[in-house]
């Protein structure tokens, strides 16, 4: 399940942030999207202030100055994209929205063709409907966006030390099953298109 596979996002070795993101992007696209949501929120938590990001984020990594320089460049590139796309307060990078939409396209296809996927979706559907009802008319995006947000919400609660309800755990598990299956099909689709 996706929720069990999320590693601690604190960088504990000499891998750069970019290589962590690239690794996630090539191995589990849903993990990548959620990881990048966290990076967006991290940048927002410092109001996009480059000096604060360097001081309070990059300087905390136990890596060489050369690695810190690469990490800083990566954050600054993300910050610049967020500024250009006008999402410093809320929203997601176009690339992430496009990837979520691509997963939704796979989702709609699998609902018609894959009984195992349809069964997993059946377990998640009540939680998706509940999220829509609780939103009281607010647009949550498509069903896959709701799944991504649900798993990310659980991750945020854990990172912030907030209590997680049994219902939240159940929904995140159901969402995670769907996202894991979609990530697998996304990876297969991309491997075929490269050949």
Yes or no: segment 29-45 includes at least one residue that is over 24 Å from residue 151 (Cα atoms), part of a helix (DSSP H, G or I) and in contact (Cβ under 8 Å) with a residue 24 or more places away in the chain. no
Sole exception among (1) closer than 19 Å to residue 182 by Cβ; (2) modelled with pLDDT under 95 for residue 104, by number: (2)
Under 7 Å between Cβ atoms, which residue pairs at least 6 apart in sequence (or on different chains) link something in segment 49-73 that is more than 14 Å from residue 17 (Cβ to Cβ) and not assigned by TED's automatic domain parsing to the domain that holds residue 19 with a partner that is modelled with pLDDT of 90 or more and loosely packed, with under 12 Cβ neighbours inside 10 Å? none
I'd like the residue in segment 168-190 that is free of Cβ contacts under 8 Å to residues at least 12 places away in the same chain and surrounded by fewer than 14 Cβ atoms within 10 Å (Cβ to Cβ) and, out of all such residues, is nearest to residue 120 (Cα to Cα). 188
Out of (1) more than 19 Å from residue 173 (Cβ to Cβ); (2) surrounded by 14 or more Cβ atoms within 10 Å (Cβ to Cβ), what's the single condition that is false for residue 133? (2)
Is it fair to say residue 156 is under 19 Å from residue 39 (Cβ atoms), in a helix (DSSP H, G or I) and in contact with a helix residue (DSSP H, G or I) (Cβ under 6 Å, 6 or more places away or on another chain)? no
Mind listing whichever residues of segment 75-88 are crowded, with 18+ Cβ neighbours inside 10 Å and either touching a residue at least 60 places away in the same chain (Cβ under 8 Å) or farther than 19 Å from residue 152 by Cβ (or both)? 75, 79
Within the bounds of segment 67-74, is there any residue that is touching a helix residue (DSSP H, G or I) at 6+ places or on another chain (Cβ under 8 Å) and assigned to a loop (DSSP other than H, G, I, E, B)? no
Among the residues listed as 150, 91, the single one being part of a loop (DSSP other than H, G, I, E, B) and surrounded by 12 or more Cβ atoms within 10 Å (Cβ to Cβ): 91
Going by the conditions given, is residue 103 surrounded by 15 or more Cβ atoms within 10 Å (Cβ to Cβ), in the same structural domain as residue 186 (by TED's automatic domain parsing) and within 17 Å of residue 42 (Cα to Cα)? no
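The values are calculated or read from the model by the stated rules, or taken from the named source; none is laboratory data. It should be emphasised that the depicted structure is a prediction, and the values quoted were computed from it without experimental measurement. Here Cβ is always computed from backbone atoms with ideal geometry, including for glycine, and neighbour counts include all displayed protein chains.
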